[in-house]
Amino acid sequence: MKSIKELYRIGYGPSSSHTMGPRKAAEIFLKRHPDAAAFKVTLYGSLAATGKGHMTDIAIINTLQPVAPVEIIWKPKIFLPFHPNGMTFSSLDKNHNTQEEWTVYSIGGGALAEEGESLTPESPDVYEMNKMTDILQWCERTGKSYWEYVKECEGESIWDYLSEVWSTMKDAIHRGLEAEGVLPGPLNLRRKAANYYIRATGYKQSLQSRGLVFAYALAVSEENASGGKIVTAPTCGSCGVMPAVLYHLQKSREFSDMRILRALATAGLVGNIVKFNASISGAEVGCQGEVGVACAMASAAANQLFGGSPAQIEYAAEMGLEHHLGMTCDPVCGLVQIPCIERNAYAAARALDANLYSAFTDGMHRVSFDKVIEVMKQTGHDLPSLYKETGEGGLAKDYQQM
């Protein structure tokens, strides 16, 4: 498995697979052909189906257009066999002859892959173990925790990176709580974070706690929907869950920044295991791979902060993902707004519940986290394509794409 730096990517929304990935691919292709007279980019499958709502074309055009004109071709009905998020970049000379064609795939979380090739090599494999069961046994054998395994594999430099991640997450919350108005796109959806925050402060402690978690998750998700700077955790579409849970727990329980960074390390390991063994791409496995995995990550992080054992942390993560199995990815009008934003808030609350439930146990349970990952992967493959980020089925049905 690669570094969790490949999971926690700092960038701009609204989508890691539909915005960050294509922008990065365009940057790579531009370096190959800085003297091209024109570019042609063909988008396939899910990338084409919801690309306009996710600002895929804008991300590519803004990268390539300063050098040469760009033509975007949309082919939403054609799904390339390797992954639903396929795209082909073509560079043209002044006589309109094709210099090179490059097909690449945005496989989730901002990561890229070529058919038959492993993940675009941005960092070496740093984790020898890639199953939660194996890492849990290591923890029990050594007396160490998950974050210590991360430190041993990644080195001390991981704390500097996670510090930047945490700072970016908090900044997104602060901006989102201050921002008001309407989100971009034809839905005319008003921001809710500021109102939720104000209303939550008026309740007594028990209701206030839940209302604040909602407000923090809404703040980050609304920032993402506006193209703001966020951290994929594990994706843009699910970026509000982790910050909401960790920010709320730090403010209410006064956890130190170092303890938050350790929780981020554990959560990153959880997300990395899913990414390696299954997928975090909504276009491949539905929203269970985005919001479901984010909930698992936040559940594990919260349980660690409250002193959970390695077995309890694994159980919290298992519940966070298990109870999102089968969740479809059906963005209305192809925007990362409905139901995405609300799902982030609700998943943050469920993560706190998973932590509490696990804390009442000894960590022993029948279905392992690894088993749930296997089931999630198979469930995702069994889902019809219209429920996997095409904007054609489920809640998105009967709404016209942007």
Being farther than 30 Å from residue 171 by Cβ and open to solvent by 50 Å² or more (accessible area, probe 1.4 Å) is true for just one of 27, 71. Which residue is that?
71
Going by the structure shown, is residue 354 in a helix (DSSP H, G or I) and either farther than 24 Å from residue 388 by Cβ or free of Cβ contacts under 8 Å to residues at least 12 places away in the same chain (or both)?
yes
Unmet criterion (only one of (1) among the aliphatic types (A, V, I, L, M); (2) within 23 Å of residue 271 (Cα to Cα); (3) assigned to a loop (DSSP other than H, G, I, E, B); (4) touching a strand residue (DSSP E or B) at 6+ places or on another chain (Cβ under 9 Å)) for residue 68:
(2)
What are the residues in region 58-67 that are buried (at least 17 other Cβ atoms within 10 Å of the Cβ) and farther than 19 Å from residue 184 by Cβ, if any?
63, 64
Tell me which helices (runs of 4 or more DSSP H) are completely within region 105-186 and hold 3 or more residues being within 30 Å of residue 47 (Cα to Cα), or say none if there are none.
157-178
Filter region 103-129 for residues that are touching a helix residue (DSSP H, G or I) at 6+ places or on another chain (Cβ under 8 Å), surrounded by fewer than 16 Cβ atoms within 10 Å (Cβ to Cβ) and either modelled with pLDDT of 95 or more or closer than 19 Å to residue 377 by Cα (or both) and give the result.
128
State the number of residues belonging to region 71-95 that are touching a helix residue (DSSP H, G or I) at 6+ places or on another chain (Cβ under 7 Å), part of a loop (DSSP other than H, G, I, E, B) and more than 22 Å from residue 399 (Cα to Cα).
2
Starting from residues that are charged (D, E, K, R) and assigned to a helix (DSSP H, G or I), keep the ones in region 1-37 and report whichever is nearest to residue 55 (Cα to Cα).
23
Which one is farthest from residue 27 (Cα to Cα) among residues in region 88-101 that are of a type outside the set (Val, Ile, Thr) and surrounded by fewer than 16 Cβ atoms within 10 Å (Cβ to Cβ)?
95
Restricting region 38-57 to residues that are aliphatic (A, V, I, L, M) and more than 22 Å from the chain's Cα centre (by Cα), the residue that is surrounded by the fewest Cβ atoms within 10 Å (Cβ to Cβ)
38
Do any helices (runs of 4 or more DSSP H) lying entirely in region 218-332 carry at least 3 residues that are open to solvent by 10 Å² or more (accessible area, probe 1.4 Å) and not aromatic (Phe, Trp, Tyr), and which ones are they?
241-253, 257-277, 310-322
State which residue pairs qualify: first residue modelled with pLDDT of 90 or more and open to solvent by 20 Å² or more (accessible area, probe 1.4 Å) and inside region 1-20, second residue part of a strand (DSSP E or B) and not aliphatic (A, V, I, L, M) in any location, beta carbons under 9 Å apart, and separation of 6 or more residues or different chains.
2/125; 10/229; 12/229; 20/11; 20/12; 20/106
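The values are calculated or read from the model by the stated rules, or taken from the named source; none is laboratory data. Predicted model, so just to flag it, every value in this text is computed and none were measured. Positions of Cβ are backbone-derived with ideal geometry, glycine not excepted, and every protein chain shown enters the neighbour counts. Heads up: the accessible areas ignore ligands, DNA and RNA and are worked out on the full protein's heavy atoms, side chains in. Shrake-Rupley method; radii C 1.70, N 1.55, O 1.52, S 1.80 Å.
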